[in-house]
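So the structure is just underneath, and the comments pick up after that.
FYI, it's all coordinate maths here, none of it is from the lab. All of these numbers come straight from a predicted model, not from anything done at the bench. Cβ placement follows ideal geometry from the backbone for every residue including glycine, while neighbour counts extend to all protein chains displayed.
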Amino acid sequence: MFVVALLANTEETKPMPHAQADGARLYYEETGTGYPIVFVHEFGSDCREWETQVRWFSREYRCITYNARGYPPSDVPPSPGRYGHEYAVEDIGAVMRHLGLERAHIVGLSMGAYATLLFGLRYPGMASALVVAGCGSGAPAEDRDRFSAACKAQAERFLANGAAAVAEEVGVGPTRVQLLLKDPRGWREFVQHLGQHSPEGSAATLLAYQAQRPSLWDFADALAHLTVPVLLAVGDEDEPCLQTNLFLKRTIPTAGLWMAPRTGHAINLEEPAAFNAAVQTFLSTVEHGRWSPRDPRTRGG
């Protein structure tokens, strides 16, 4: 009994692993061995929402998940100037360098997908493949002002009402209710996790990252020269992201587009088996050297 208690206490007091980034320490987890995959979470989630991916891919890969700045147990910087899309991009590199990873597959969802795509543009030598899922909310020109205003309003609700109240509201939104309809238990877990987030960290992320990030159309020239293999993944009921994903497919020469039917924003939670299969096929094709740029002949008509 004493030995069991001692082991339990040792486990409880073991310090949480953190990677030092610019202005924040980032909590991370790693599971499995093999070639590394770094998972970058969305605004409404944290590293826990990659669980169904980690359980699958850690059989063959070294899986790394981490919490973005503003998401405990990562640091919540008090200064608004310590948030934004530039930090999000550099934080991927900070985690990789801390773990000694020269290169990795990068898998991102929504806010994390935006950072993943820009990381591939900035550090193509560090990214062997990019999975860009649920990316593009607020990117079209006609959506910019409305999206920015919505982010600012939600930031105010986080600070005024707390994360738990906002989580219930988000959970029944037009691109989230699909998870409730398919998997009520998984939906409840998602809402509970979101309700545990830092109101201050979430508000700062909304104001400095979500509301102010450039449109992906601003990177059109750079995206047209991207050579890293890209898998775009989107649900067909994720309305705010559909137009952007067609733009990305047409612009990035190495991009393939996979669309999940009757699926909203949290594509990896709604359809974990299909998402994992699509990602696994993509990574296998890349690793076998068979993911080539789009043939110009397919652009006819």
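Under a 10 Å cutoff between Cα atoms, tell me which one of S79, S128, S202 has the largest fluctuation in the Gaussian network model of the chain.
Sorting by GNM fluctuation, first place goes to S79.
Specify the residue with the greatest mean-square fluctuation among A127, A255, A224, computed from a Gaussian network of the chain linking alpha-carbon atoms under 10 Å apart.
A224
Note down the net charge around A163, summing +1 for each Lys or Arg and -1 for each Asp or Glu among other residues with Cβ under 14 Å from its Cβ. List each step's numbers first, then the result.
On the way: positive: R157; negative: D46, E156, E168, E169, E200.
The answer is -4.
How high is the relative contact order of the chain, in percent, with contacts defined as C-alpha pairs under 8 Å that are six or more residues apart?
Working: 554 pairs, mean separation 53.0, N = 301.
Relative contact order comes out at 18 percent.
How many nm is it between the label spots at L101 and Y35, if each spot is 7 Å from the Cα in line with the beta carbon?
Taking the two extended label points, one gets 1.3 nm.
Express the Stokes-Einstein translational diffusion coefficient of segment 98-203 in µm² s⁻¹, to the nearest whole number, given a Kirkwood radius over alpha-carbon pairs, 20 °C and a viscosity of 1.002 mPa s.
Values: Rh = 15.8 Å.
Value of D from the Cα-based Kirkwood radius: 135 µm²/s.
Nearest 500 deg cm²/dmol is fine: what mean residue ellipticity at 222 nm does the chain get from its DSSP H runs of n ≥ 4 alone, each adding -39,500 (n - 2.57), divided by its residue count?
Details: 13 runs with 134 residues, N = 301.
Computed mean residue ellipticity for the chain: -13000 deg cm²/dmol.
Of all the stretches in the chain, which is the longest one without any exposed loop site, taking trypsin sites (Lys or Arg not before Pro) in a DSSP loop (any state but H, G, I, E, B) with at most 12 other Cβ atoms within 10 Å? Mind showing how you got there, number by number?
Working: sites that count: R59, R262, R290.
Looking at the chain, 60-261 is the longest stretch - no exposed trypsin sites (Lys or Arg not before Pro) with at most 12 other Cβ atoms within 10 Å.
Say a paramagnetic label sat at a point 7 Å from the Cα of L181, along Cα to Cβ; which residues of segment 207-245 have their backbone N under 20 Å from it?
Under cut-off, by backbone N: 234-243.
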